[in-house]
Amino acid sequence: EVDFYLMPYVDPSTIRRKYKDILEEREIKISTHDDTMRFLTDEIKKDMNIDKINIALYHGFVIGGEENADEIEKEDSVKILSVGGKEAVKEDCFLDFDYTALGHLHGCRRVKSEKVRYSGSPIKYSFSEINQDKKFVIIDIYKDKETRKKHIDIDDSNIIKQKYEMVELTGTLDEVMAADIPKDAYLKVILTEQTLDAMNKLRVKYSQVMDLKINIATEEAIKRKYTSQEINKKNPVILFKELADSVGVTLEEDESKVLEEVIVGLIGGRII
């Protein structure tokens, strides 16, 4: 026989309000999510039949320690509000259960113990999950409570197919447009040069550009090239052209003329 214990995400304030009298009587202080889950699992364990197989299901952020918390944060796309702090629940809350199935993080992984695991999401929800292996985990628990697991790689199975690929491309506009990827992929683009109307140009070929970033040198390049005193003495038109060059924009002759007229108008005199 198997008993399942379903525990949703619950805020400490909810437990303080719902169990106010009990908490005051027992002098129990609830201020963190770890406090909350310790109280709830302790209540469950009072009536738990250890002759049965007991499985907990919980939605929240569970860690095996500070090092484990840092590792999870680096690997998973889900925003962790307070790593190792008030949002975190330590996995020893669940070690009296024969298995704990966790939800919240998108990566398929154990916490620290093999019997406390996140299933992860079956498909990719973020560009930070592009390199994440999505898996099903089949858990067998035997009468002697021995636990065995088997992974099924979702990408290699026909059970679930992500309709559109998620792809990240970095390069110039020409390089990105020449890439050999599905035209309907969910696409994140990082351009390495300034490009006018970049999004519309990308969507001529790619229908689902979800994110566009420009990663190029800016005025910092000029600051590194000249001291502040040198900048003050430098012809402002030349400085502006150098800045434009640093972001991949070459000014035409007529544009340079307009620029000079604007600067002359601003400084109220002839440019040296």
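Below, the figures for the structure above:
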quantity	calculated
Selection within region 1-52 - farther than 23 Å from G103 by Cα and of a type in the set (A, V, I, L, M)	I22, L23, I28, I50
First in region 115-129 and within 21 Å of I55 (Cα to Cα), second anywhere and of a type in the set (K, R), Cβ under 6 Å, 6 or more apart	R117/R110; Y118/R109
Whichever residue in region 1-25 is of a type in the set (D, E) and more than 35 Å from the chain's Cα centre (by Cα) and, among such residues, is modelled with the lowest pLDDT	E1
Criterion: within 29 Å of G107 (Cβ to Cβ), polar (S, T, N, Q) and modelled with pLDDT of 90 or more - qualifying residue of T147, T170	T170
Residue check, E230 closer than 20 Å to E255 by Cβ, surrounded by fewer than 15 Cβ atoms within 10 Å (Cβ to Cβ) and modelled with pLDDT under 80	no
Filtered residues of region 165-185 (kept if in a helix (DSSP H, G or I) and surrounded by fewer than 13 Cβ atoms within 10 Å (Cβ to Cβ))	D174
Filter result (surrounded by 17 or more Cβ atoms within 10 Å (Cβ to Cβ), free of Cβ contacts under 8 Å to residues at least 40 places away in the same chain and over 14 Å from F61 (Cα atoms)) within region 24-41	I30, F39, L40
Candidate set: region 187-219, residues that are among the small types (G, A, S) and more than 12 Å from T172 (Cβ to Cβ); chosen: the one modelled with the highest pLDDT	S207
Residues of region 1-20 that turn out to be surrounded by fewer than 12 Cβ atoms within 10 Å (Cβ to Cβ) and touching a helix residue (DSSP H, G or I) at 6+ places or on another chain (Cβ under 7 Å), as a count	0
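The values are calculated or read from the model by the stated rules, or taken from the named source; none is laboratory data. Note that this is a predicted model, so its numbers are computed, not measured. We place every Cβ from the backbone using ideal geometry, glycine too, and count neighbours over all the protein chains shown.
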